[in-house]
Amino acid sequence: MTETVQATRTRNPWLTGAGWSALFRDRPIIPLVALLALLVLLFELGPSSVNPNWAAFVLRQAVPLAILAGCQTLTMLTGGIDLSVGAVASMSGFLVATLVGSQGLPVAILLALLAAALAGLVTGIGVGVFKVHPLIMTLGMSLVVLGLANVWQLQMVQTGAGVPAELRGIGSNLALGIVPYSLIVFVPLTLLILFGLRRTGYGRLLYAIGDNPVAARLSGARAWQVLIVLYVISAVLAAIAGLLVSGLNNTASVTLADSLVLPSVAAAVIGGTSILGGRGGFGGTIVGALILTVIASLLQSLGYPEALRQVLFGSIIVAVAAAYTRVTAES
Amino acid sequence: MSAAAGTFGSVGRRPAELLSSWARRNAWALSLIAFLALLLVFTKLIQPNYGETGIQALANRALPLTLAAAAQAVIVISGGIDLSIGSMMALTSVTSATLMAGQSEEFGIAVVLAVLVLGLLLGAVNGVLVVVTRVPDIVVTLAMAFVWAGCALLVLRTPGGGAAQWLKDLVIGPLGNDWIPKAAIVMVVVVAAIWIPIQRSRLGLSFYAVGSNRLAAFRSGVSVGRTKVLAYVVGGLFAALAGLSVTASTGIGTPVPGPYTLQSVAAVVLGGVSLAGGRGGIFGPIVAVIILSLIRTDMTFLRLNSNLATVAEGIILIGVVMLGSFVQLRRSRS
């Protein structure tokens, strides 16, 4: 991808329309950041002004959404989707909240991540080995996880220990009043995902399988192994996001993160990842999650009702996705 | 493709041949019906009191989801997917409940007709957006799910409104014999009245054609864009009917979308419709909905944890699809 940009740049792309659309195609993050800046500017014109406190608030809200959108980005690169992130994230937050009393925090977190990895393993086997459509597989898995979490809830009804203070601190506290502690988790994760996608063979394989599965198979990629690992990674990421969500809201329930599933898909789509596979990246997704959070905060501060927010949300997703499709189809 | 092709190619053949080819085409739906019959016998064995009231409750509970599954089936057959069905149901349900509250019975008829037109319009918007923007169906309808749910909240903030008495009478209670719930009659009549004429017409054939191979359909002179829009329009009509059935059976409108969207996708897959499009029918998904809701009832009779029913639903969904693709893999290898 980088080569394309450099090649067009030598022919002075700033003067040609094709150069512009190539830029938008290969570096979707630039127009996205511009859109984000525009939104922040709009906010400045609104009733409340932009200040570090507000930025911290938005960032804190955006972090779990960005991680969940990361799950969608990774799976969408291979042409899949992961609808089980909501159930897995809620389950992990709930497991930690109920286990922390008897097991201690490190063991509780470890158990939650293990449970998530197990769910991801089953999903991966279904998608990779049995070739079940990812939409169906993850939908079914989310039913299984939700049901089991509910059974667990009935078992644990007396021993509700609540969200541990450490998670609350990481999920919702701000260092110096402006920097959310959740960045401690988010920044290393982001670097890991970005590095993994750009610089490792595994990342290349994700793009290759999504772009052209037949070509990838003929060049020796074992798609089923890649997919199993992918869905395990996705489930573990979802579990980490679930811990942050439960810390942020200071509650843990088996449906806590469900409302984030569709926005997470939306954030990945806005960030320029194609749902058909093979195109996109995590950088755009983070900006997409920020855009969604800023819009939500903007509309909230203007006093618009939740209803209008949803309508605008949907319209923006369609508009941005249509713009991408137009730009990429012209080449 | 095969289902519609059979309808057209069946002129001048003997009845026995027709019957066997019909059975072959609908093998999946027929085996689902057989399974449903077995399940009913099983239910009667574990709960000897199961009878008229049980059937009534089953039909009433399953009605909205059967119509939602019909909506999803039409769209999936033509190669799309609609993640906004639950939101469209919420919007049509609150619109009808708000308009009908405190109005005369006759006005209710006008409201029902208006809401059905609204459903057609919602479907048309979805379809036109999919065709014009060329964005994948799943992304457009996901975004429209937000839009329609927001509109539903704009119409009605909290659950409320009312429904005309005749509308409630239409779906609640038995018809003549205690064993025949009105809800089941309504469902069969409505679905048959809309789907059978479409399936037997050119339009039905082009749904299957576009779903199984867009390029081939285009080259044989089918207008792909128009067909896709019409599939979404028919889906919108079924979604409006589903929304109306929610209003009729609860007497009020609820602005928050129920779990219908994803359940309709699950029902469609279990009902033998391929997510790749072009394969399956509309009656398989409906039977699948009834089976799933009967399984839920059975698990309460067996005094199992009702949450295990959710787990069972997930496992059945995954298991059936896995089995299907496993069989297909074996067949393609040999």
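A short reminder: the numbers here are calculations on the coordinates, not readings from a lab. Computed from a predicted structure; not experimentally measured. With ideal geometry, Cβ positions are generated from the backbone for all residues, glycine too; neighbour counts draw on all protein chains shown.
If contacts are Cα pairs under 8 angstrom and at least 6 residues apart, what is the relative contact order of chain A in percent?
33
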Residues of region B:240-255 with backbone nitrogen within less than 20 Å of a virtual label 7 Å along the Cα-to-Cβ line of residue B:101, please, listed as ranges. B:243-255
Summed residue charge, Cβ within 12 Å of residue B:140's Cβ, Lys/Arg positive, Asp/Glu negative: 0
Under the rule of -39500 (n - 2.57) per DSSP H run of 4 or more residues, summed and divided by the residues of chain A, what mean residue ellipticity at 222 nm is obtained, to the nearest 500 deg cm²/dmol? -25000 deg cm²/dmol
Could you order peptides B:146-152, A:56-62 by the average number of other Cβ atoms within 10 Å of their residues, highest first? B:146-152, A:56-62
Name the most mobile residue of A:98, A:73, A:285, meaning the one with the largest mean-square fluctuation, in a Gaussian network model of chain A with Cα contacts below 10 Å. A:98
Find the centroid of the Cα atoms in region B:302-329 and in region B:68-87, then give the distance between the two in whole Å. 21
Residues B:134, B:24, B:14 in order from fewest to most other beta-carbon atoms within 10 Å are B:14, B:24, B:134
Per DSSP helix of 4 or more residues, -39500 (n - 2.57); summed, then divided by the residues of chain B. What does that give at 222 nm, rounded to the nearest 500? -26000 deg cm²/dmol
Counting all C-alpha pairs of region B:19-113, share separated by more than 17 Å (%): 72
Give the Debye-formula value of log10 I(q)/I(0) at each listed q (0.09, 0.13 Å⁻¹), with one equal scatterer per alpha carbon of chain A, two decimals each. -0.49, -1.00
Dmax and Rg, reported as Rg then Dmax, of region B:1-159 (C-alpha, Å): 20.8, 59
State log₁₀ I(q)/I(0) for the protein assembly as shown at q = 0.08, 0.11 Å⁻¹ as given by the Debye formula over alpha-carbon point scatterers of equal weight, solvent excluded. -0.63, -1.22
Using only atoms on other chains, find how many Cβ atoms lie within 10 Å of each Cβ of peptide B:146-155 and report the average. 6
For residue B:182, the lysines lying under 20 Å Cα to Cα, once residues fewer than eight places off in the same chain are dropped, come out as B:168
Would you list the P(r) distribution for chain B, with all Cα-Cα distances sorted into 20 Å bins from 0 and each bin expressed as a whole %? 30, 58, 11, 0
